[in-house]
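Read the structure below first, then the notes.
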Amino acid sequence: MIIITRPGVTDEELDHIRERIEALGPRTHLIQGEHRTVVLCIGDQQDLANVPMLAIPGVEAVRPVMKPYKLASRQGHEESTEVQIGDSTIGGNALSIIAGPCSVEGLSMLQETARHVKSAGATALRGGAFKPRSSPYAFDGLGEEGLKILSDVRAETGLPVVTEVMDTRQVDLVAEYADVLQIGARNMQNFSLLTEVGRLHRPILLKRGMSAKVADLLLAAEYVMKQGNMNVLLCERGIRTFEDSTRNTFDLAAIPVLKKETHLPVVADPSHAAGRRDLVPALSYAAIAAGADGLIVEVHPNPEMAVSDGDQSLVFDEFDSLMAGLAPFAEAAGRTL
Ligand code: PEP
Ligand code: MN
């Protein structure tokens, strides 16, 4: 950490700044410029995390050198992390395509969807059994019955399943069935939930909160990793802005930013970003071109009858053409499908 002192800082103030820092552990080194003096703090930045630096007389500004998300950061962890999901991995050369309905609505619709997306090249099946809904009157999922359906369909198709956990009380139950536990946008800063899933060894798909900065997403991942679970996938799913031609605003730039900042795999969710199915292919291609390691896409046998997110769900034919159209983008990005 670098402390920049104000012009005209006195020797007494400098001594006090150094004493205050060194009392907490780090060593200090003074660099006297022509106009400014800076104090270099050498040691564990965490020791200084709770110090109100600007309240110390003579301090004008503080610049951290290390990222506050030290486990998620690429600093000191150059190699990209590959996370095992079923028989495949995400974060390596091959793209991962997670597809399926927003909600698990029943066995036959999930079977039909899983068989289809698998034949088109999907590597995992999505489907919510516990659904976070903005309205308390909306369908909120089949619960454990939905989890059982997911596990039956996995047994038949071999596709690993991705499903959401909304509450600390559901973590053990969902972990009994899920290959990947999804933390939804509305729960990205539910720190008790992040801590709880951090105790598992199962991969976590962590979606970016609607008004979360990239750094907030990385700090949320850090909560999970701090507990020992390093298998975190980050998901860009659009953020809230003033723009209302799409459900959310797809933050395409967040993908290469995340790829630079972290070694964790990055997945894009074009369905929740767009909120309408006609835009899903374009956003998918853009995400892969920008460096995403995979996609999570909503697909439904009959979107018109879907109990949630029908507007943004692809029919089977549309998913097939999405997959066919993806090939040149994957190739251009140096990835395989
Ligand atoms: C979902 O995946 O169906 C979902 C609710 O996503 P999000 O948390 O991104 O809104
Ligand atoms: Mn959905």
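Miscellaneous remarks
- The stretch 83-98, residues that are surrounded by fewer than 17 Cβ atoms within 10 Å (Cβ to Cβ) and farther than 18 Å from Ala178 by Cβ: Gly92, Asn93
- In the stretch 269-315, the residue that is nearest to ligand 2 (Cβ to nearest atom) out of those that are polar (S, T, N, Q) and either free of Cβ contacts under 8 Å to residues at least 40 places away in the same chain or assigned to a loop (DSSP other than H, G, I, E, B) (or both) is Ser308.
- Check on Ile149, surrounded by 23 or more Cβ atoms within 10 Å (Cβ to Cβ), within 20 Å of Pro301 (Cβ to Cβ) and away from ligand 2 (no atom under 16 Å from the Cβ): yes
- Within the stretch 182-204, the set of residues being more than 16 Å from ligand 2 (Cβ to nearest atom) and outside any loop (DSSP other than H, G, I, E, B) comprises Phe191, Ser192, Leu193, Leu194, Thr195, Glu196, Val197, Gly198, Ile204.
- Residues that are over 30 Å from Pro328 (Cα atoms) and at pLDDT 95 or above were ranked within the stretch 64-76; the one that is surrounded by the most Cβ atoms within 10 Å (Cβ to Cβ) is Ala72.
- Among the residues of the stretch 91-105, the one identified as within 12 Å of Val266 (Cα to Cα) and hydroxyl-bearing (Ser, Thr, Tyr) is Ser96.
- Here Ser134 meets each of (1) at pLDDT 95 or above; (2) out of contact with any helix residue (DSSP H, G or I) (no Cβ under 6 Å at 6 or more places or on another chain); (3) under 20 Å from Ile183 (Cβ atoms); (4) within 16 Å of ligand 1 (Cβ to nearest atom) with one exception, condition (1).
- Given (1) among the aliphatic types (A, V, I, L, M); (2) under 14 Å from the mean Cα position of the chain (by Cα); (3) closer than 19 Å to Gly128 by Cβ, index of the condition Val153 fails: (2)
- Inside the stretch 185-223, residues that are farther than 22 Å from Phe250 by Cα and among the acidic types (Asp, Glu) make up a count of 2.
- Yes/no for Glu78 being assigned to a strand (DSSP E or B) and more than 30 Å from Ser308 (Cβ to Cβ): no
- Number of the exception - Glu112 against (1) at pLDDT 95 or above; (2) farther than 30 Å from Asn302 by Cβ: (2)
- Residue match in the stretch 297-314 (condition: within 16 Å of ligand 1 (Cβ to nearest atom), over 22 Å from Asn93 (Cβ atoms) and among the β-branched types (Val, Ile, Thr)): yes
- Scanning the stretch 25-46 for residues that are surrounded by fewer than 15 Cβ atoms within 10 Å (Cβ to Cβ) and outside any strand (DSSP E or B) yields Gly25, Gly33, Glu34, His35, Arg36, Asp44, Gln46.
The values are calculated or read from the model by the stated rules, or taken from the named source; none is laboratory data. Note that the structure is a prediction, hence the values are computed from the model and not measured. Note: ideal-geometry Cβ built from the backbone for every residue, glycine included; neighbour counts use all protein chains shown.
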